[in-house]
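S.K.: Quick one: the structure is below, and I'll ask about it shortly.
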Amino acid sequence: MYAFLLSTAVIFVAELGDKSQLMAMTFAARYRVRDVLIGITAATALVHLASVGIGYFIGDAFADYQGAISVIAGVAFLGFGAWTLRGDELTDEEADKARTSQGAAILAVGLAFFLAELGDKTMLATITLATQEGWLGTWIGSTVGMVAADALAIVVGAVLGKRLPEKVIKYGAAALFVLFGVLLIVDGLMM
């Protein structure tokens, strides 16, 4: 129980103001809140499961690869930015399917969050906690802490999405992806 409470609090605080919260806002402005939350939860659970496994079995050896992981994630984010700008034209039939289907949105959100969290401070914090605390409590607590912090951002994003024109959301999302991509690449190269 101590590992759960400690990791929930540490990860919640570490996530406040993180790029993941801005991503959550951006996705919530474009997709259904439920789909964004499912995508974030799935990606977070996977990344943090890997994190506790690394912390439990390997310890600090993973830190040597953080720079390369940041560069790869940054390049992926640049691709997400270009894809967002390119956009897609939907027929009326495809638009109806998109409104009723959540699979693509969940996959897009989940993949983006998975890549964003690789080598992120919350992943490293989870690894560190897992070296000192029980893996199960750390995994569940770190997942709950991150999803709770990102849920705050999702609410803000959903409200903004109803008030902003689609072009503003599109260009804003693309700019954020490019910004995060550049920051991840620079951060990775400086390690």
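All of the numbers you see were taken from the coordinates with simple rules; none came from a lab. Bear in mind that the values here come from a model prediction, so they are computed numbers and not experimental data. Here the Cβ is made from the backbone with ideal geometry for all residues, glycine too, and neighbour counts use every protein chain on show.
S.K.: Stretched out fully, how many nm does the piece from Lys167 to Leu136 gain, at 0.36 nm a residue minus the Cα gap?
M.R.: Between Lys167 and Leu136, full extension yields 6.8 nm more.
S.K.: Say a paramagnetic label sat at a point 7 Å from the Cα of Ala68, along Cα to Cβ; which residues of the range 174-191 have their backbone N under 18 Å from it?
M.R.: From the range 174-191, the list is 185-191.
S.K.: Grab the other residues whose beta carbon is less than 15 angstrom from that of Leu152, score K and R as +1, D and E as -1, and report the net.
M.R.: Surrounding charge for Leu152 is -2.
S.K.: How much length is gained if the chain between Met191 and Trp83 is pulled fully straight, taking 0.36 nm per residue apart and subtracting their Cα-Cα distance, in nm to one decimal?
M.R.: 36.1 nm
S.K.: For the range 1-66, what percent of Cα pairs sit more than 18 Å apart?
M.R.: 52
S.K.: Pairwise over distinct Cα atoms, reciprocal of the mean inverse distance: report the Kirkwood radius of the range 101-191 in Å, one decimal place.
M.R.: The answer is 15.5 Å.
S.K.: Expressed in nm to one decimal, what extension gain is obtained for the pair Ala104 and Val159 from 0.36 nm per residue of sequence separation less their Cα-Cα distance?
M.R.: Full-extension gain reported as 17.6 nm.
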